Structures are given as structure tokens and as C-alpha cells.
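The structure under discussion appears below in the form of C-alpha cells.
The values are calculated or read from the model by the stated rules, or taken from the named source; none is laboratory data. Here the structure is a predicted model, which means the values were calculated and not measured. Every residue, glycine as well, gets a Cβ built from its backbone with ideal geometry; the counts of neighbours run over all protein chains shown. For accessibility, only protein heavy atoms count, side chains too; no ligands or nucleic acids. Shrake-Rupley method; radii C 1.70, N 1.55, O 1.52, S 1.80 Å.
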Amino acid sequence: MRMALSQSKSTKMGKSRLFRIFMILGAVFMILLIIIYWDDVGASNFYLHTTISGPHPSRLSPQARRDPEKKIEEDKESSFLMDIDAFVNQFLEGTADPTEQVRGEPPPGDPHNQSSEKSDEKFVPRREWKIHLTPIDPEKKQKQESRKQLIQDVCSNRSFLDFPGKNRTFDDIPNKELDHLIVDDRHGIIYCYVPKVACTNWKRIMIVLSESLLLDGVPYQDPLDVPQELIHNSSLHFTFNKFWKRYGKFSRHLMKIKLKKYTKFLFVRDPFVRLISAYRNKFEQENEDFYKRFAVIMLKKYSNYSDPPASVVDAFAAGIRPSFLNFVRYLLDPSTEKEMPFNEHWRQIYRLCHPCQINYDFVGKLETLDEDAEHLLRILRVDNVVEFPQSHRNRTVSSWEQDWFASIPLEFRKELYRLYEADFKLFGYSKPEKLLHE
């Protein structure tokens, strides 16, 4: 009888112990699920502003205020919650230390990185998204629908035009090729920047919206106040190619979630005009980096300078610089991309932004920049937070094409068109018939 009772008690204790083990495992499993899918339920905006839990003086219970031992117990519980917060935030943010600041800021010692103990007092919260009472102009809506439909038609029609990467999936895109997709989790925006298509000003906008750059602990409010030398600082822009470092094996999953939920946009430009603009900016002005990396190669291979000047200053002083023809020959030379991919300033837009794999919500054009920028900021509901900066610089325009291509042989023009034909077709730019038949 006693043995039976003893066995019964042992059985009950075993079941109780198993029950507790299953409860603990279940709780751990739920925590892991929350961590993995946190971003899927919108925490991407939440965790940038608040902690998940954590102690606060006002949360102390009346018993804790009266009983010191009770206070110690609650302090231990709060400490545990803080550890959970630190772990979750470290996982989501990918920081080496849970106390590391979330926002990407310039390196220590940068004069613009002057946060202080008073920063919390100075910080002014962002205004709410703007709500418009009047509808968007139907004509503008239709223009956007037409642009997006054209991309879809070109991408889906296998017999229309074939180009590298057209038929691959998003998962097939190497991580390093996703470096132009800037993410703003605060407002749910993804911007694919294209050099020589107003990207400087759009990067200014993204810095202001994401609050990734602080001055005396306060985010910049005016895009034009962002220092010129920091606009293209990669540490200020959270791009898709950085997801692996932050999210590890969950990076592609989170990319797809953001691509599905966020508003995605890019701005494009006539491909030939963009090339002229890139040449003017990088080779008609003194640029030491581009001179050494590209101009010296062009001068040696296409201008018969066996020993060009060592610096751009000496080259310009001697009146030596690559011509536009040298630049075009460099682009058409098959050996160019065997050595390295095209630089982003003249790489095709479809290779930078992958329009056949990413369904963009807005396609702007430099030719209608002011109108499109106003339309986009309204769609994003941030037109009460930022204004698109007005550009007063000497912008390259399509009417210059005839003069610039006058020195380019007809066969080179045709080859160049074939090289950039996908951009012409995808984004609705007419084939430059005059240039290709003269």
C-alpha cells in the first residue's frame, strides 16, 4: 500500500516537473517568436522611440514604497526586464553593445556629433503625419500609374527586351547590389538613390526624416542645413546591404516585409543626359579620386598619354583631361567591367534599383522634379515636416545632347544606346533617333 502511494506521488511529481519544463520551453519559444517577428508587427517604428519594458519610479507598488524587502524584489524583477529589453534591442539593432546609440552618427570627434546631457531637454519630437482634406490631382495619379505599368510591361514581356538580371528573383540579387536602397523605419520609406538624379537633395530629406544626424543632440530639421560633406556619408544611411550585419539570417525575410509594407520610390533621368552630367561633374571639375581611379586609365588607353600627370591639379594645369569621347570609349570597352563593375555614377539604373524585382510605389523623373517631389512628399504625408530643396545649379539638360554627341562616331552612339537601352525602355524615354541616324 505504502509502495503504491509512493509510486503515485512520484508519478505526480514527475508530471508536475514535466509540466513546468514544458511551460518554460513554451515561454522561451514565444519570446523567440516575438523577437523574430517583431519587425513584422510594426515594431520597427516602435523600438526606435521607446523601450519594451523596464523600470520607472512611478511603477513601484505601494508595498514596495513601505517595505524595503519588497522594493528589492521589484528591483530584481525590473533588472530582469531591463536585461530582456537590452537583448531584444541588441538583436533588432545589431549593436555590439546594448548601450550603443541606435542612430548612425558621424565618427567620434566629428564637430557635428555634439550630443550632451542636455540633449533630452532640447529634443523636439517630430510632428505627426499630415492629413490632407483634398484629394490628389487625378492627372498626377494617372501619370504614376502609367510609369509603373510601363515598368511592369517591360519586365513581364520576355520577348520584348532582354537585359542582365531581368528574370531573376529578389533572392537572387547579391547583397552587395542592394546598397542603394535606403530605409527610413520612422516613416516607412525606402528610397533607391540614383547618382546624378537629384540624389543629394533626396539624401538630405532622408537624413532629416530618419533623424540619423544630430547637432547638439537635436536632429536636423532643414535639409539644407545638413553639412555637404556628410550627405553621402554611408554611416548616416541604413541600406539593405547592411541588413545582414544587423539581422543575420533573418535579413532577407525582413527586407521582404519592408518592401511589402513601406512606400518605395526612386527618381530617374534620360540615360544619355545622365551620362553627360556624370562626365561634367567628375571629369570637367578637379576631382582627385575620380582622376586617379578612372581618368588616368582613359588617358592611357584612349588619349595616348603613356605617363599622364600624377595629380588632377597638375593635369588641369597642363590642360590635360579625358574627353567625352574618351569617356564613351571607356564605357564601351568590354575590358572595363571585367576589371570592376561600372561606377554608380554611370551604372545603369536598372542595375542600381532592380525595378523588375522591386515593385516601386512611386517613380519620379528629374525632368518633372519639382512637381514629382511635391506629389511624393504629400503621398508620404511628410510635406509638413520637410520641403524639397530648390536647386540653383547649372543642370545638364536634354537639349545639349546634340552638341555633346557631335564628336562621337555614329557606331559608338548606337553601341552606347544598346548599353543603356533597358533604362530608356523601362522608364519611358524616347529613343534618340536623331543621334542614332545622323
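Restricting Pro322, Pro355, Pro341 to residues that are of a type outside the set (Asp, Glu), within 30 Å of Thr169 (Cα to Cα) and either buried (at least 16 other Cβ atoms within 10 Å of the Cβ) or in contact (Cβ under 8 Å) with a residue 12 or more places away in the chain (or both) narrows the list to Pro355. Among the residues making up the stretch 130-163, those that are open to solvent by 100 Å² or more (accessible area, probe 1.4 Å) and either among the β-branched types (Val, Ile, Thr) or part of a loop (DSSP other than H, G, I, E, B) (or both) are Ile131, Leu133, Pro135, Arg158, Ser159, Phe160, Asp162. List pairs: first in the stretch 418-438 and at positive phi, second assigned to a helix (DSSP H, G or I), Cβ under 6 Å, 6+ apart or cross-chain? That search, which allows pairs on different chains as well, returns Gly428/Leu150. Given Tyr291, Tyr247, Tyr220, which one is at pLDDT 95 or above and not basic (Lys, Arg)? Sole residue among the options that is at pLDDT 95 or above and not basic (Lys, Arg): Tyr291.
Restricting the stretch 181-226 to residues that are under 12 Å from the mean Cα position of the chain (by Cα) and among the aromatic types (Phe, Trp, Tyr), the residue that is nearest to Lys282 (Cα to Cα) is Tyr193.
Of the residues making up the stretch 193-224, just one is out of contact with any helix residue (DSSP H, G or I) (no Cβ under 8 Å at 6 or more places or on another chain) and in a loop (DSSP other than H, G, I, E, B), namely Glu211.
Filtering the stretch 141-181 to residues that are in contact with a Gly (Cβ under 8 Å, 6 or more places away or on another chain) and of a type in the set (A, V, I, L, M) leaves Leu150, Ile173. For the stretch 276-319, a residue qualifies if it is in a helix (DSSP H, G or I), aliphatic (A, V, I, L, M) and open to solvent by 40 Å² or more (accessible area, probe 1.4 Å), and the qualifying residues are Ile297, Val313, Ala317. Among the residues of the stretch 174-195, those identified as under 28 Å from Leu380 (Cα atoms), surrounded by fewer than 20 Cβ atoms within 10 Å (Cβ to Cβ) and not charged (D, E, K, R) are Asn175, His187, Gly188.
The set of residues from the stretch 177-192 being basic (Lys, Arg) and either part of a strand (DSSP E or B) or at pLDDT 95 or above (or both) is empty.
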